[in-house]
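**Student:** Here it is: the structure, laid out below.
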Amino acid sequence: MNLTLSQAEIARLSECVEAAQDHATLIAKLTNEFPAMTVDDGYAVQFALRDRRLARSGIRPVGWKVGLTSKAKMLQMGVYEPSIGFLDSAMARPENSTIDTAELCHPRAECEIAFVTKAELSGPDLSVDDVLAAVDFVIPAVEIIDSRYENFKFDLPSVIADNSSSARFVAGGQPRRPDDVDLRSLGVVMEKNGEIVAMGASAAVLGHPAAAIAMLVKILHDLGHVLPAGSFVMSGAITEAIPVKAGDHLIARFQALGGVSMRFV
Ligand code: OOG
Ligand code: MG
């Protein structure tokens, strides 16, 4: 571990990010104050934030997400290395429900293939087949990301500390066994207010979205963690993220997996 922050600084920064998330307020990216901050420092802040949230009453862990796994996202954000973030029950919203934009700073929507695991995954070099053997089903999802940083601009350590911009997520459509769909060539079309705003295919995510799960498990491994059975994991946006605001209706149509829709209020 390459830590430059003290335990007291990690605690203070996790409280600062937590407050920004809770009140939908923007903060300066953490590397402005700590230019030497490392990726490990970012994860230390993120895990402290996770501990704080899970200590609140009624918030349960749900799983993880991997981000910046497609070229479209890397180019959009100017960050060229994937990062992970945790997902908890307070971020989940049901399919066809409304998402309150007053709770968010500058939300953007992403289409992602999600996986639900049936066996523990661990280790630094899992193959796509190793991952698929541990997958119970795949399910289409939309992630609403919301950087707490001004202008949605950050670097890798800062975005990791902000839980990789995680804010809300919606799963829906039709769950399928991983053997029943070709996960390399699954198409997705995102429509906002009846207009097509983005489209792509699952191969955009590291060639195969299960490769993103292998990468997540490696990052967890390097941090001393495993991915437990029963985890819900989002593999990363296939296309660039699309800004959304109150009044918008969004539907992500996934080939073979059905649609996921929501309204923003
Ligand atoms: C970081 C999170 C990216 C994805 O699916 O690529 C992400 C960001 O772009 O704010 O969730
Ligand atoms: Mg995402």
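No lab work stands behind these numbers, since they all come straight from the coordinates. Quick caveat: nothing in here was measured; it's all calculated off a predicted structure. With ideal geometry, Cβ positions are generated from the backbone for all residues, glycine too; neighbour counts draw on all protein chains shown.
**Student:** Determine the gain in length on full extension of the stretch T4-A119; use 0.36 nm per residue of separation and subtract their C-alpha separation, reporting nm with one decimal.
**Tutor:** 37.9 nm is the gain from fully extending T4 to A119.
**Student:** Shifting gears a bit: Go ahead and set up a Gaussian network model of the chain, Cα springs under 10 Å, then flag whichever of V128, V17, V138 fluctuates most.
**Tutor:** In this elastic network of the chain, the residue with the biggest mean-square fluctuation among V128, V17, V138 is V128.
**Student:** Using the Cα gyration tensor of the chain, with a ≥ b ≥ c the square roots of its eigenvalues, what is the shape: rounded (a/c below 1.5), prolate (a/b larger than b/c) or oblate (neither)? Walk me through the intermediate numbers first.
**Tutor:** Details: a/c = 1.62, a/b = 1.20, b/c = 1.35.
Oblate.
**Student:** Want the number for E195 to E150: 0.36 nm per residue separation, take away the alpha-carbon distance, what's left? Each step should come with its number before you reach the end.
**Tutor:** Working: separation 45, 0.36 × 45 = 16.20 nm, distance 2.84 nm.
Full extension of this stretch gives 13.4 nm more.
**Student:** If you don't mind, another one. Filter the trypsin sites (Lys or Arg not before Pro) in the stretch 164-241 to those in DSSP coil with at most 16 other Cβ atoms within 10 Å of their Cβ, and list the result. Please report the intermediate quantities before stating the final value.
**Tutor:** Values: sites: R168, R176, R184, K192, K218; in loops: R184.
Passing both the DSSP loop test and the Cβ count: R184.
**Student:** Right, next: Residues of the stretch 90-118 with backbone nitrogen within less than 13 Å of a virtual label 7 Å along the Cα-to-Cβ line of R263, please, listed as ranges.
**Tutor:** Correct set: 96-100.
**Student:** Still on this structure, I have one more. Given charges of +1 on the Cβ of Lys and Arg and -1 on the Cβ of Asp and Glu, with all other atoms neutral, how large is the dipole of the stretch 7-264 about its Cα centre, in debye to the nearest 20? Mind showing how you got there, number by number?
**Tutor:** Working: 24 positive and 33 negative charges, 93 e Å.
For the stretch 7-264, the charge dipole is close to 440 debye.
**Student:** Right, next: Test of the criteria: in the stretch 59-131, which trypsin sites (Lys or Arg not before Pro) are in a DSSP loop and have at most 16 other Cβ atoms within 10 angstrom of their Cβ?
**Tutor:** Working: sites: K65, K71, K73, R108, K118; in loops: K118.
Answer by residue number: K118.
**Student:** At most 14 other Cβ atoms within 10 Å and a DSSP loop assignment: could you name the trypsin sites (Lys or Arg not before Pro) in the stretch 1-62 that fit?
**Tutor:** Details: sites: R12, K29, R50, R52, R53, R56; in loops: K29, R56.
In loop regions of the stretch 1-62 (DSSP not H, G, I, E or B), the sparsely surrounded trypsin sites (Lys or Arg not before Pro) are R56.
**Student:** Quick one: length gained pulling A133 to A55 fully straight, 0.36 nm per residue minus the C-alpha distance? Don't skip to the answer; put the middle values down first.
**Tutor:** Working: separation 78, 0.36 × 78 = 28.08 nm, distance 3.25 nm.
Using 0.36 nm per residue and subtracting the Cα-Cα distance, I get 24.8 nm.
**Student:** To the nearest Å, what is the center-to-center distance of the stretch 1-27 and the stretch 152-202, using C-alpha atoms only?
**Tutor:** Using only Cα atoms to place each centre, the spacing works out to 26 Å.
**Student:** Rounded to the nearest 500 deg cm²/dmol, what is the calculated helix-only ellipticity per residue at 222 nm for the chain, with -39500 (n - 2.57) per DSSP H run of length n ≥ 4? Present the calculation step by step, with values, prior to reporting the outcome.
**Tutor:** Working: 7 runs with 70 residues, N = 265.
Calculated at 222 nm, the ellipticity per residue is -8000 deg cm²/dmol.
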